[in-house]
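Participant: Would you mind keeping the following structure in view while I ask a few things?
Derivation of every value follows stated rules applied to the coordinates shown; laboratory data play no part. Small disclaimer: the values here were computed from a predicted structure and weren't measured. As a convention, Cβ positions derive from the backbone with ideal geometry for all residues, glycine included, and neighbour counts pool all protein chains shown.
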Amino acid sequence: MSGNNNQVVLLTGASSGIGKATAEWLMERGFRVYGTSRKAAGIMDGKPYKTSASGGFIEMIPLDVNSESSAENAVRTVLEREGSIDVLISNAGMGIAGSIEDTSIREAEKQFDVNFFGTLRMIRHVLPAMRKQGRGRIIVISSVAGLISIPYQSMYSASKYALEALVEALRHEVAPFGIKACLVEPGDTRTGFTSSRVIAEAAGEASPYYSRFRKSLDRMEQDEQNGVSPEKVARVIHGMIKRRNPPIRRAVGLGYKAILFLKRLLPSWLVEKLVGMLYA
């Protein structure tokens, strides 16, 4: 996929943050972007709401990644209009913060339903069309937290670890059909994710973990506010589309690449200590 040739992109979670920045970046370069949002139904009129001189556009369509029928309908809508889907970018996600003890099973299930099962739903629904085409690109937005688990962000980290395992297996399974699967792993990014993070109901002042949790969360939010721009993540995603043979994963930002490189070199006890110093 070295050139875009007005490729058709289905991008989940496109109304804000990394998703919005990626949709606009790709549109400006001639991609036909179908962005999704749970709130898109009100503006869905069959016409692009943004266009570019390069021939690209963004059209928003409704999608709730928690719903099997909604995922199926979103894919069908794009296929009926375009006849193909060249790229799926699974970006929709959310985060729950709190200690493991303070996080209920219901809250953990919600975390996995959006981040993991939402991605799985979209992958399963685009694969038949991509196999028929004999080509396709599946890009899953994971996280550095999917390779280094963060205290008090355990459910978020676990959902991203699960995505890492999913794509590693998927990559082998779909390669014979001309489909490439890969991961993009942002670290702290300046988006609305910080303000939209969900706090576990039991993580209030009565929790025995409260003081350490608040300190960890404050550090995390500060890092996010000083993090990379969503446009930088968009550039990396575009690069993964353009490459004929993209690597299985790509971290965003030199600092995070260095951290992941050091994780492979340093003894596990030292990595554990460093993470604890930062976030525990």
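Participant: Give the shape of the range 137-216 as rounded, prolate or oblate, defined through the alpha-carbon gyration tensor: a ≥ b ≥ c are the square roots of its eigenvalues, a/c under 1.5 means rounded, and otherwise the shape is prolate if a/b is larger than b/c and oblate if not.
Facilitator: On the way: a/c = 3.51, a/b = 2.57, b/c = 1.37.
Prolate, because a/c is 1.5 or more and a/b exceeds b/c.
Participant: Right, something else. Around Ser207, which amide H atoms from residues at least 5 apart in sequence, or from another chain, sit under 5 Å from its own amide H, with H modelled in the peptide plane?
Facilitator: none
Participant: Another question, then. What number comes out for the charge environment of Ile241, summing +1 per Lys or Arg and -1 per Asp or Glu over other residues with Cβ under 10 Å away?
Facilitator: Charge balance in the 10 Å sphere: +4.
Participant: Still on this structure, please answer the following. Hand me the trypsin sites (Lys or Arg not before Pro) from the range 215-280 located in a DSSP loop with no more than 13 other Cβ atoms within 10 Å, in residue order please. Present the calculation step by step, with values, prior to reporting the outcome.
Facilitator: Working: sites: Lys215, Arg219, Lys232, Arg235, Lys242, Arg243, Arg244, Arg249, Arg250, Lys257, Lys263, Arg264, Lys273; in loops: Arg243, Arg244.
When the trypsin sites (Lys or Arg not before Pro) of the range 215-280 are filtered for loop state and at most 13 Cβ neighbours within 10 Å, Arg244 remain.
Participant: Determine ³J(HN,Hα), in whole Hz, for all residues of the range 136-153 in sequence, where each value follows from phi through the Karplus function 6.51 cos²θ - 1.76 cosθ + 1.60 and θ = phi - 60°; x replaces Gly and Pro.
Facilitator: My calculation for the range 136-153 gives x, 9, 10, 10, 9, 7, 9, 5, 4, 5, x, 10, 10, 6, 9, x, 6, 10 Hz in order.
Participant: Then there's this: 5 Å is the cut-off here: which amide hydrogens, built 1.01 Å from N in the peptide plane, fall below it relative to Arg249, excluding neighbours closer than 5 in sequence?
Facilitator: Leu183
Participant: Moving on to the next point. By its C-alpha gyration tensor, with a ≥ b ≥ c as the square roots of the eigenvalues, how is the range 188-280 shaped: rounded for a/c under 1.5, else prolate for a/b larger than b/c, else oblate?
Facilitator: Since a/c reaches 1.5 but b/c is at least a/b, the shape of the range 188-280 is classed as oblate.
Participant: Another question about this same structure. For the range 79-167, run through the GluC sites (Glu not before Pro) and keep only the ones in DSSP coil with at most 16 other Cβ atoms within 10 Å of their Cβ.
Facilitator: Glu101
Participant: Quick query: amide H of Met60 versus all other amide H atoms, modeled in the peptide plane; which residues come in under 5 Å with a sequence gap of 5 or more or a different chain?
Facilitator: Those qualifying (amide H under 5 Å, at least 5 residues apart or on another chain) are Gly35, Tyr49.
Participant: At what distance in angstrom do the alpha carbon centres of the range 87-130 and the range 8-37 lie from each other?
Facilitator: Here the two parts' Cα centres lie 19 Å apart.
Participant: Which whole number in µm²/s is D for the chain by Stokes-Einstein, with the Kirkwood Rh taken over Cα pairs at 10 °C and 1.306 mPa s?
Facilitator: My calculation gives 82 µm²/s for D.
Participant: Here is a follow-up. Percent relative contact order of the chain, based on C-alpha pairs within less than 8 angstrom and at least six residues apart?
Facilitator: 20
Participant: Select from Ser207, Ser195, Ser84 the residue whose mean-square fluctuation is largest in a Gaussian network model of the chain (Cα-Cα springs shorter than 10 Å).
Facilitator: Per the Cα network of the chain with a 10 Å cutoff, Ser195 tops the list.
Participant: While we're looking at this one, here's another question. Positive end of the dipole of the chain, charges at C-beta (+1 Lys, Arg; -1 Asp, Glu), about the Cα centre: which of Ser149, Leu278, Thr12 has its Cα farthest in that direction?
Facilitator: Thr12
Participant: So what's the range 49-140 giving for Cα Rg divided by 2.2 N^0.38 Å, two decimals?
Facilitator: 1.30
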